[in-house]
Each structure stands twice: as C-alpha cells, then as structure tokens.
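These notes concern the structure reproduced below.
The values are calculated or read from the model by the stated rules, or taken from the named source; none is laboratory data. What you see is a predicted model, and the numbers here were worked out from it, not measured in a lab. Virtual Cβ from ideal backbone geometry, glycine too; neighbours counted across all protein chains shown. These accessible areas exclude ligands, DNA and RNA; they are computed on the full protein's heavy atoms, side chains included. Shrake-Rupley method; radii C 1.70, N 1.55, O 1.52, S 1.80 Å.
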Amino acid sequence: MDLPVDEWKSYILQKWSLLPKSIQVTISTAETLSDLFLHSSSLLQPEDEMFLKRLSKGYLVGKDPNAPLFYREEGNKKFQKKDYMGATVLYSKGVSHSRPNSEDISLCYANRSAALFHLGQYETCLKDIVRAQTHGYPEGLQPKLLLRKAECLVTLGRPHEASQTISDLESNFAAEPTLAASQFQILQRTLCRLKVKVQEKGNLTETSPAALTKAFEDMDLREENEQISNTSSSVSLCTDPLKGRYLVATKDILPGELLVKEDAFVSVLNPGEMPPWHHGLESKWDTRATNADLYCHRCLKHTLAPVPCDGCSYAKYCSQECLQQAWDLYHSIECSLGGLLLTLGVFCHIALRSTLLARFEEAGKVINKLCGEITNRDICLPESKNLTQILSYDLGGESKKKGKTVETPIPGCDINGKYENNYNAVFSLLPHTGNHSPVYKFLCALSVSALCRQLEAVSLQAFTTGLKSSKLKAAAAPMLYPELNIWGVAMLRHMLQLQCNAQAITTIQQTGSEESLITDSRQVCLATGLFPVVSLLNHSCSPNTSVSFISTVATVRASQQIRKGQEILHCYGPHESRMGVAERLQKLRSQYFFDCNCPPCEREKQRPSQGPRWEAFCCHRCGALLQGGDVLSCGSTSCMESVSRDHLVSQLQDLQQQVGMARKLLRNGELERAIQLLLGCQHDAESFLLAEHSVVGEIEDDLAQAYAALGKGTGRSQPPIYRRVSEWWRFATGHPVLRWAMNSSNWPKSSSMGEILPSVLLTDLKL
C-alpha cells in the first residue's frame, strides 16, 4: 500500500478536523515545504506517537524465538504431502525468525535444501547446505546432508566434487560411526548408487556451474545518449513552459527499438497482503506467501531461498551480496523501523530511502539541495571542505562556478546540461505542493514528522553515517547535522512527488504451466520506484511506447513507428482502449493534476456520445464512427458507406480467432510467428475497429508482451522480423499500386496478413 494504513489516515483526518480554523489556514497556505513541515511537526503530540506505535506493533518484524519451530513443523507437513513449494516458503519463514549461528536456523536451512532438491533447484540446494553447515548443523545429522550434496553435484555434472564429498562422508563415518545398523545399510546402498553415477559421468566433459545467461540485463542500448543517461541516442530532452520537460525523437524510430533502459534510483517492495490487524498466534505466525517472502527486497528478483536480515524477520534478499549492499546503503537505518515503515506506507518508505541514498552523492550538492527549501531560516550547518570544492546548486536552476552564474537550461541537469539517474534528477521532480489537498499535505507532513522523531531516537549519528562498508564510508562525505529538519523537509518533498512521479514496477505472475515461455498470467504491482529518466515521458491515452520491467530495471521500447521530431509518449494508466474520455480525464486530473489534450481525447471530446467506444466499429474508407442498428452508416457527411452489423460482428469474431491463435503461439514460445500474426491482426483491426476498441488494446498488449519476451530470449535490441514487416507495410501503404490493391474489394479482409504475405517475403525482403 502506497499510503499509510487506514487507521492512521482516519486518525489524522480527525486531528485535522479538530484544529482551529486559523491553524488549518496557516498550513493550507504555507508558501514553502519548510513552512508546511515545521508547522505540522509542531502539532505532533506524544499521544499521536503512542497511537502510531500501537499500530506499528501490529506487524511482527522482529525475530520471535518460538516461530522457527512452528514454521519448521508446518513445513514438514507440507513436505510429507509432497507440496515442496509450500514447504520451501514455510522453511524460509522459519529461517527469517531464527538467530544467526543457532540450531534453529541450521535446521531450517537443511530442511529447505531438501525441499529445493525435490524441486530440481540443485544449485540453490547446495547453497542452503553450505548455510546449514555454516550455522552449526548438528554433527549427528551431517551424513544425510552430505548425501544430498553429493546427489546435487552428480546431477549437475560435477563428478569430481561429488566423489570428494562421498570420500569425506566415508572417512567421517569410519572415524565416528553413529548410525544404527538399518540406517547404515541405507547409507551404504545410497553411496554405492552415487558411486555408479559418478563413474558414469566421470568420462564426460565436466562443466563448471556457469551463471545463467542474463540476456535481457546484458542487452544494452545501441548508442547511448550523451545528454541523457540510460537513453538511446535517438532521443533528445526538451523543455516547454506549459508541459515542462519531455523527450522527442531525433530520427525515425522503428517499432521495437529500445529507447530507455534505466535502473530505479530507489525502489521499495510492495509487501502484498499482510497479516490481519489483531494480535494472536494465528496472526503473528502467518503461513501465507506474500511478495515479501518471494522477492528480494533490494533487487526484486524472484527467489525460492531468501537470505534474511540478521536483525529483523521482514527484510529478505536473494543473496548475501544483496543483503550486504542493502545494509550498507539503507537497511542499517531501516532495520529497527520495519513496523513503522509498513504502517506509514510505501511512499513514506521511499521518501526515507531516497534521502538515505543521497548521502552517497557529493556533500556540497546534497546539502545545498536539502537546504534550498529552508530559505530565510537560521539553521547553521557545519562547514565542509567539499562545499568549497564542489559545484553547488540552488532551486532556482542556476549553478555557481568561480564567481560566475551559469544557467542550467533544464531542471535536473548538471552544469554541462547532462541529465543523469542521480539525486539531483530525483530532487528536481515536481512535488505539486499547490495541487495537493490540505488534508493530504497534513497527513504526509505528520507522517514524516513521526518518522523523524523515531530516527532521532534511533540515533542521528547512525542516520547520517551508519555505514558498515569502509569503501562506502569513503564515498560518503561527512554530513553531520544538528537536527533532522533538513532531512524532514526533503522527505516531505519526496512523498509529495510520488503521487505524480512514482512508477509501479510490475511483474507477470504465472497462473498456468511454468514450462512455456509465456503462459496464462496476470500482472501485479511488485514494487514502487522512482525512475528519473522514465519520469520525463509525458502521457498519451494512445502512447507510442511500451514499458516493461526485469527486477528494478525499466525498459522503454517504441510500440509503433515514431517519426523524427515526434514526442516520445507513455501511458500513465488511462488508455483509450480501456476507458472512455470522461473517465480518463477525471483520473488524470485527480492524480496527475492536468487536463489531457492528446489526440484521442481531443477527437472524443468533439464526437457525440454513441455508447461505449471500446465496442464500436469504424468506416473502412474514412475511419469515422459507424452508427445505426442492424445496418451501420458512416457518421461522416462526406461518406455514404454502409455495412451490416452482422458482417462486422463476423469479421470481429474471425479477428478474435486469429488473436487467439497468436496467443497460443506465444504460450508455445514461437515468438516470431506470433508477432507476424499479431501484426496482421493489428492491420486488419484498423480497417473496421475504432482505435479505442478493446480488441485493439488487447492486440497492443500481446505485441508488447511478445517484444519483451523476444528481447529477453535473444538479447536483440530490435526484433528483426518486426522490423522487416513494419518496413514492408510502410513501403506498401506508400506505394500507389499496392495501396490501391489493399483497398480494393479483392483484397482479403477477413484473413490475417500473416497468412497473406509469403514467408519468403517476410524473411528475404530487401527494400
């Protein structure tokens, strides 16, 4: 949940309603974020903090010493029923509640390794075996753990390591025989079977456990932009007094071309459904699997075997490396605040984490930015050498160098005009202070104030310098402040920014078979993040790009041809194919504070309402809306075209059948054939369906999914089959003879273009 829990929101709303009118006016008319923060902070009373503390205790984020046994026993029940996935989740919960170097954690790791073995996750199983041994797995139980290790090594094709493990097991057992006769016989039979397997694989070329190919992550931009980091050279950054910053194409861009590949500056995992708001054994020891149990809290990768924080039971990571990075960057501060952060919501958590990450940028810049809002205030900051050595920026968009004032033409850019993924760019995102309601601003300000009070209690010194890594200590300049007001104002700014600038990081969760590349699935919001470059994209209800995510990385691809000089546009949610213009305008106005005037909205505003446009047909000659009953007539006064509704319904059914075939190809992993068929469907749809029709939107979604999967599977920055077909269409529709042929009555209307174009044309066409 992005905002605080309902109980805290209701509490703040009541507190606001009881404030004297004069104080409400003072807060509502505050000219700066500093005024808003300081006025609101002064109203936070001890009873408010106590109420928030009670709410925070509803989340079990500490380590409960009684929980590991409960989860291990529940996991054993799942294991006995051969529900190895369910058992893995429960053993992981037991690991999270265990203290390091305890028997509890070693037993949970060992049991989880057994479940992972049955799931075929042999590499991960080996890691859990090592973890169990590292944390003091009992000597008497070691033989079965070593046998499992040998089984994994044999299966992975590493016979030499397997042979060594078997030798170690035999030596240890000979030195200290502890097994009963029956167990010894079982052990001997298992060892003999493993030795045979080792001999069978011994003559094969042994392959080391190479890392999985990360095709998507390794896929880079063809030529990176010198003006905007993480962006293609096909894009340029511009600014306009009315619409602010935006991106335009510097050359013709083909569909499927990679335009932006950006890692989030900051992201926070959406915890998913949390335990109910009441105390008791059942709520404390929740057995459900949530996002917090299945995804790394730093990189957002899906993980079956998370590694927990040593200090809390909530934060979990895909590896020891991610755990250490998170601790060094922010979790050393957040660890003791887990319950409070879950209560205050993801937006408040991102606001805190953004300021924590700011510590690792040049001190002069950060200090000046954080103080920029606190103008005309007598806050004394300690002097730092960096302030005289580093260029510093103010909120007016200027930089000072050697006594001269140099304009930075676009907010967020450095003095050389480069826009990067850094705190400077994040800070430049607009908070829209004047557009938010007074109650919402009061809620954000009081939430941040309460968080600052807790940070002060944790320790100001730990907040500003709490780093474990000596390397990171060196990277972070001294930033010791006498109070947290500066950070409070910065966090308030970030919290207000998020309503318009937060990006939902989505993932596809499978609901069908996991064997095929694309399966029946649903899209879920995995996390919320800030992407400074993606935030430059303006909205259109009919965008020319699609956005997808792998872990914390967002990629933006062209979903259609974009001509040189055209703006690069992204959909913020309301899409013409999914909702009418009135609903779109209302949603955009309430959340993003602007009236959309994109072409689809302007067209729809001018047309009379004719029922749901996502079910409407258009004239195949002029594209105007068809109107009528059994016989539909063109709504354009200059066109006399008419057609029976039954004919169009039949044509729509044929199209839906073709789309269904394409989806089947997607599920089977035949991506290029699926794209070929979907492109034909898209062309067919344009001849008789309005752009707002739901089927048109479904085809666009399927194409976007196919492009993302093709990029993930091949690492290509542009799908070649798509490039060839799109070029052919551009050539054909511009050629008078071919254009006449496609518009003639003899041109097949009900067939997919994928069936009409010869395969030789699709593969060997040279324009």
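Heavy atoms of the protein only, probe of 1.4 Å, neighbouring chains included. What is the accessible area of residue 252 in Å², nearest 10?
Per-residue accessible area (residue 252): approximately 80 Å².
Could you check the simple spin-label distance between residue 160 and residue 321, using points 7 Å along Cα→Cβ, in nm with one decimal?
About 2.4 nm separates the two model spin labels.
Suppose accessible area is computed on protein heavy atoms with a 1.4 Å probe; arrange 489, 581, 631 from highest to lowest.
Sorted descending by solvent-accessible area, the residues read 631, 581, 489.
Just reorder 161, 223 by solvent-accessible area, largest first, 1.4 Å probe, all chains present.
223, 161
Taking 51 Å as R0, compute the FRET efficiency from the Cβ-Cβ separation of residue 564 and residue 171 and round it to 0.05.
E between residue 564 and residue 171, to the nearest 0.05, is 0.10.
I need the calculated FRET efficiency for the pair residue 638 and residue 440, taking r as the beta carbon distance and R₀ as 45 Å, to the nearest 0.05.
0.35
For region 1-89, compute the number of Lys pairs whose alpha carbons are separated by less than 21 Å, excluding pairs fewer than 8 positions apart on the same chain.
So the count of such lysine pairs works out to 5.
Starting at the first residue of region 265-272, write each ³J(HN,Hα) from the Karplus equation 6.51 cos²θ - 1.76 cosθ + 1.60 with θ = phi - 60°, in whole Hz, x for Gly and Pro.
Each residue's phi maps through the Karplus curve to give 5, 8, 8, 9, 5, 6, x, x Hz.
Return the distance in nm (one decimal) between the two label points of a simple spin-label model at residue 123 and residue 51, each offset 7 Å from Cα along Cα→Cβ.
For the pair residue 123/residue 51, the computed spacing is 5.1 nm.
Residue by residue, what Karplus-based ³J(HN,Hα) values in Hz, rounded to whole numbers, does region 319-326 have, using 6.51, -1.76 and 1.60 with θ = phi - 60° and x for Gly and Pro?
7, 5, 5, 5, 4, 5, 5, 4
How much accessible surface area, in Å² rounded to 10, belongs to the heavy atoms of residue 73 with a 1.4 Å probe?
Near enough 100 Å² of accessible area.
Averaging sequence separations of C-alpha pairs under 8 Å and six or more residues apart, then dividing by the length of region 586-710, give the relative contact order as a whole percent. Kindly include the intermediate steps, with their values, before the conclusion.
Values: 126 pairs, mean separation 29.0, N = 125.
After rounding, I find 23 percent.
For 15, 605, give the ranking by accessible area with the largest first, probe 1.4 Å.
Order by accessible area, largest first: 605, 15.
For region 119-130, what does the Karplus curve 6.51 cos²θ - 1.76 cosθ + 1.60, with θ = phi - 60°, yield as ³J(HN,Hα) per residue in whole Hz, taken in order and with x for Gly and Pro?
Values, residue by residue: 7, x, 8, 5, 4, 5, 4, 4, 5, 5, 4, 4 Hz.
Taking the Cα centroid of region 619-657 and of region 284-332, what is the distance between the two, rounded to the nearest whole Å?
The distance from the Cα centre of region 619-657 to that of region 284-332 comes to 55 Å.
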